[in-house]
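Inspection log for the structure reproduced underneath, given as structure tokens.
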Amino acid sequence: MLADAIAAERFRLLRDRAAVFWGFCFAPLVGFALSIGGDLFLRFVIKKPIPGLTIGLIDQVLKALSNGASTFGALFLMIGAAAILAGDYRWETWRLLTPRNTRQNLLLAKLIVVGEAVFWSLLLTAILSVFAGVIGAGINGKALTVSMAGRNLFDVIGVLAITWLEAMTLAALAACVGVLSRSTMGVVIACLGFRFVQTILASSLQMMEQNEAPSWKLLALPVFDADLLRAALLAPDQVGAAGGSAGVALVVLLAWVAALTAGAVWLFRRQDLTKE
Amino acid sequence: MSIALEAVGLTKTYGAVRALDDFSIAIPAGGVFGILGPNGAGKSTLFRIALGLVRPTSGSARLFGAAPGDITALRKVGAMIETPRYPPYLTARDTLKMLALESGKADADIGGWLERVSLTHAADRATSGFSVGMKQRLGLAAAFLTKPELVILDEPTSGMDPAGIQEIRALIIDLAKIEGVTVILASHQLDEVKRVCDRVAILSRGKVVAEGGVAELTAGEARLRLTLTSPLAPALAVLGDRGEADGPDAVLADIPRAEAPALIRALVEAGVEIVEARWREVDLEGVYLKSLGQTPTAATAEGAA
């Protein structure tokens, strides 16, 4: 049963401290450390605090969450995803699991647990960005407010969901690559490469398509879709002609996740595990 | 009698290598069934196909009538395939807990099984530091953990010390005889198979070359060895095509035990001087080697006539 496989995979991840720390805690902690470091630098090195500056806590959270699946964030998320999705090839432990549950359940459980871990990682990012805002305000004597731009908790939930979906396109790709390459390193390199190429392509295409509705090429890129959805949620009047494509962007993101997941399951069900 | 594992026309090729070649077998539920064969005979490939780890090139395998990988069949099966490997960050207890959860048996008696395989002292140590024997023990606990109806064991005692081997053999016999678990066991250790198994199949180059009860396979294989002080020719003349020379002063007779007194009388009447008559028993190893087309003489054990 799928629920059994999820329970087993969750139990296992919680005991894999290296995967939990490097995959799902390190990037949020680095973000937190950099934020505090910046405030300390401003206070003790530059020694010129900006007077009258106010920090919007929700704005800080939204900014941190928007970058949750950036290339830097994706690198670490994929390290964690690789440990979950391709670890059994590395440790040759499929022989322990495959006789206990169906192939489909085993792989879907892994992907679901990656999704859970990504969610908790983004939540940690959000919480640490609040702490960073509060501590930073204390260091530099800045004023604190809930939001400078009138944002609310629903915006936070929306951005978290969009970034989570963006990260899950990479996780689903990681599942495919993990099955094909049987390698944790292969997963990290392929997913990071995919993320990086998307960023370059999206920037180039956006420059070419200024002030126009996005083409299908641009909409096919999950990175662009996620950016478009976040922009449509937070600043709909600034999105311009692209605003009408937000629905398509959401469908494309979901389609990426569904297609890659189905592909990974299809491949895994047909794969010979001759030494694993 | 229900069939635990059935293979029909099973063929599996890896490139040019044919691991299983139109392989068919029906292993009944109940008792301990041994699978013997040299490296590359196809034992592990058979198990991997049955458990859904590998897909056959052609033919089919069924566990309790269900296709490999079918959840209803998997829930009845425990397995230890080749040398067990574990996620290195898990302890022995956590490994069993994870496997119990995976099988939908969260309430499995983990402590009890660790005790039965003598791993209680190492229950909370990471498996990365385990010796091969300890990994085998944990693999056995994992195979039996969820109280399966069928347990498939691939070389279950390899890497174990003699005391451990005895202990595990006793455990397998207990589980099969007392708790009614069907065990399919592949082993290179013929002595182990002889002691533990009720029935045996011998595999060679992906095919079954012999199958039957251990007693049945070795029955009728004994030969009478007669040591003579007279020339061999008269004895060989009496024996005809049922005898052959075995060195300069002995002959081997392929006869049923019941005919031994009559044969010895006939030889004495023909002037043959017999100083010793012993039954040369052919054990499982002899049958095994003979099935593989190798000479069994080195593997024989002699018994007094």
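Quick note: the coordinates plus some simple rules give every number you see, no bench work behind them. As the structure is a prediction and not an experimental result, all values here were calculated from the model. Neighbour counts are summed over all protein chains in view; Cβ atoms, including those assigned to glycine, are modelled from backbone coordinates with ideal geometry.
Annotations
- Average beta-carbon neighbours from other chains, 10 Å sphere, peptide B:77-90: 5
- Taking amide H positions as modeled 1.01 Å from N, with prolines and chain starts lacking one, the residues under 5 Å from B:Ile3 and 5 or more places away or on another chain are B:Ala29.
- Per-residue average of Cβ from other chains inside 10 Å of B:39-48: 1
- Modelled this way, with points 7 Å down the Cα-to-C-beta line, the labels at A:Arg270 and B:Ala67 are 1.4 nm from one another.
- Amide H within-cut-off set for B:Gly34, under 5 Å, with H built and near neighbours excluded: B:Leu185, B:Asp198, B:Arg199, B:Val200, B:Ala201
- Peptide B:66-75, shielding by other chains (average Cβ, 10 Å cutoff): 3
- B:Glu216 paired with B:Arg257, simple spin-label distance in nm, labels 7 Å along Cα-to-beta-carbon: 1.9 nm
- Total charge dipole magnitude, chain A, about the Cα centre, Cβ charges on Lys, Arg, Asp, Glu only, Debye to nearest 20: 720 debye
- With at most 14 other Cβ atoms within 10 Å, longest stretch of chain A clear of loop trypsin sites (Lys or Arg not before Pro) (DSSP): A:48-269
- Of B:Lys147/B:Lys177; B:Lys97/B:Lys147; B:Lys12/B:Lys105, those spanning more than 24 Å from alpha-carbon to alpha-carbon: B:Lys12/B:Lys105
- For segment A:197-203, the Karplus equation 6.51 cos²θ - 1.76 cosθ + 1.60, evaluated at θ = phi - 60°, returns couplings of 4, 4, 4, 5, 4, 4, 4 Hz by residue, with Gly and Pro reported as x.
- Dipole axis of chain B (+1 Lys, Arg; -1 Asp, Glu on Cβ), positive-most option in B:Thr45, B:Val183, B:Leu284: B:Thr45
- Annotation: the residues B:Val287, B:Val209, sorted from fewest to most other C-beta atoms within 10 Å of their own C-beta, follow the order B:Val209, B:Val287.
- Ordered by the count of other Cβ atoms within 10 Å of each Cβ, fewest first, B:Ile178, A:Ile162, A:Ile6 give B:Ile178, A:Ile6, A:Ile162.
- Computed about its Cα centre, the charge dipole of the protein assembly as shown is approximately 1840 debye, with only Lys, Arg, Asp and Glu carrying charge at their Cβ.
- Binned Cα-Cα distance frequencies in the protein assembly as shown - 20 Å width, integer %: 18, 36, 25, 13, 5, 2, 0
- Considering only A:Leu62, A:Gly23, A:Leu233, and ranking their Cα positions along the charge dipole of chain A that arises from unit charges at the beta-carbon of Lys, Arg, Asp and Glu, the one farthest toward the positive end is A:Gly23.
- Residue of A:Phe194, A:Phe131, A:Phe44 that the Gaussian network model of chain A assigns the largest fluctuation, springs spanning Cα pairs under 10 Å: A:Phe44
- Cα shape, segment A:2-269, gyration tensor, a/c 1.5 rule: oblate
- Fraction of antiparallel bridges per DSSP, chain B only, in percent to nearest 5: 70 percent
- Cross-link partners for A:Lys47 among the lysines, with Cα-Cα distance under 21 Å and sequence neighbours closer than 8 places in the same chain left out: A:Lys142.
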